[in-house]
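Engineer: I have a structure I would like to understand better, so I am pasting it below and will then ask my questions one at a time.
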Amino acid sequence: MLGAPRPWAAEEVAAPSPERGLDWRRIAQVVTRFKWLVLGITAAGGAAGFAATKVVRPQYLTQVTVFIDQPDPRGGNDRGGPIRSGQVLDPESWIDLLRSYAVLDRVARDLRLFLQLPKGPDPALRSFNVADQFRPGAYRLTTDATRAYVLAKVDGGVLERGTVGDSIGRSIGFLWVPPADSLPPGHTVDFGLQTAREAALHLSDALDAHMDYNGNFLKIELRGGDPARITRILNAVAERYVAVAAELKRGRLTELTGIIGDQVRTAKQSLDSAEGDLQSFRRRTITLPPDAVAAGGDTPRDPVLGDFFEQQVQRQQVAR
């Protein structure tokens, strides 16, 4: 038989200890115990940060915005007009124009983007340029104590020998006459050449272009480690882009002007023919003109019909 339930005993709850602040003595003991570990981590972090500043090159961003005067694709206020200018290009095609060879090939050639400098800029290459046809590849120019130079391929094979101060590499398409003081004895210049088309392709890959929703603003961005260089390249791209776009628009307007002129001449010929037919019709018919006014009023008379009726009246009078 179950007995009556026994009441639960109240649990003893310890009173909370008063809050204490930081135990600096205990912290000091922990730091002292692991001092070599703390010092090692601190030193390793500092060394890694210093190495990162020397190895990792900062990246810079430059951007430019081009305004494109695009007409309203819905027709705007001239929707009911007989003549519409239309769009030169679709909004997506403006980005394709930016990446076209008509724009980037010229920039690559003007800024010598085909020239590769594995060891950085060299004063001897400041005046370097190429003809329309040249031989791409990796080259090395060396000078000796006698002020003579040797132009060769990096992988071997002498291409040309001469004296410092003469034109270098003309036979392979180089337009290069470096100053004599830029090629001291024992100097070596390493450089590479790629075609202008290859340089344009690399530039196209580096460019980032975005068109806004309405197709009126094109934002172009370029990243790189040399802020002055990427700014110079992007400005040249924007200037060439505007020039090519203006040429396209000028050609479009010229074509539109010719079409409108043909339409005006055709309309004038049709109008002249209609007026001639109307005059012939009035001469052949003996009816009043359809634009006669109401009876009892003065009626405008056609000169041909007036002469006809006067001759009829005179004939009747003679017959009498």
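What follows draws every value from the coordinates through simple rules; no lab data is involved. The model shown is predicted, which means the values in this text are computed figures rather than measured ones. Virtual Cβ from ideal backbone geometry, glycine too; neighbours counted across all protein chains shown.
Engineer: Give the order of VAL30, VAL242, VAL164 when sorted by the count of other beta carbons within 10 angstrom, beginning with the fewest. Mind showing how you got there, number by number?
Structural biologist: Working: VAL30 11, VAL242 14, VAL164 22.
So the ranking, lowest neighbour count to highest, is VAL30, VAL242, VAL164.
Engineer: OK, next. In whole Hz, with x marking every Gly and Pro, tabulate ³J(HN,Hα) for the stretch 204-220 from phi via Karplus 6.51 cos²θ - 1.76 cosθ + 1.60, θ = phi - 60°.
Structural biologist: Coupling constants for the stretch 204-220: 4, 5, 7, 6, 10, 10, 9, 10, 6, 4, 7, x, 10, 10, 10, 9, 10 Hz.
Engineer: Need the full-extension length gain, GLU275 to GLU92, defined as separation in residues times 0.36 nm minus the C-alpha distance. One decimal, nm.
Structural biologist: 61.0 nm
Engineer: Could you put ILE230, ILE27 in order, starting from the residue whose Cβ has the fewest other Cβ atoms within 10 Å? It would help to have the intermediate numbers written out before the result.
Structural biologist: Numbers: ILE230 19, ILE27 10.
Starting with the residue having the fewest Cβ neighbours, the order is ILE27, ILE230.
Engineer: Diagonalise the Cα gyration tensor of the stretch 115-193 and give the resulting equivalent ellipsoid semi-axes, square root of 5 times each eigenvalue, largest first, whole Å.
Structural biologist: One finds semi-axes of 17, 13, 13 Å for the stretch 115-193.
Engineer: While we're here: Quick one: Cα convex hull volume of the stretch 133-245, Å³ per residue? Walk me through the numbers on the way to the answer.
Structural biologist: Numbers: hull volume 16.6 nm³, N = 113.
Cα convex hull per residue, to the nearest whole number: 147 Å³.
Engineer: Here's another thing I want to ask about it. May I ask you to derive the relative contact order of the stretch 141-183, considering only C-alpha pairs under 8 Å and at least 6 residues apart, and to give it as an integer percent?
Structural biologist: For the stretch 141-183, the relative contact order is 26 percent.
Engineer: Can you give the relative contact order of the stretch 145-241 as a percent, counting alpha carbon pairs under 8 Å and 6+ residues apart?
Structural biologist: 13
Engineer: Relative contact order of the stretch 115-193, please, whole-number percent, based on alpha carbon pairs below 8 angstrom and at least 6 residues apart.
Structural biologist: Working: 153 pairs, mean separation 33.5, N = 79.
About 42 percent, as a whole number.
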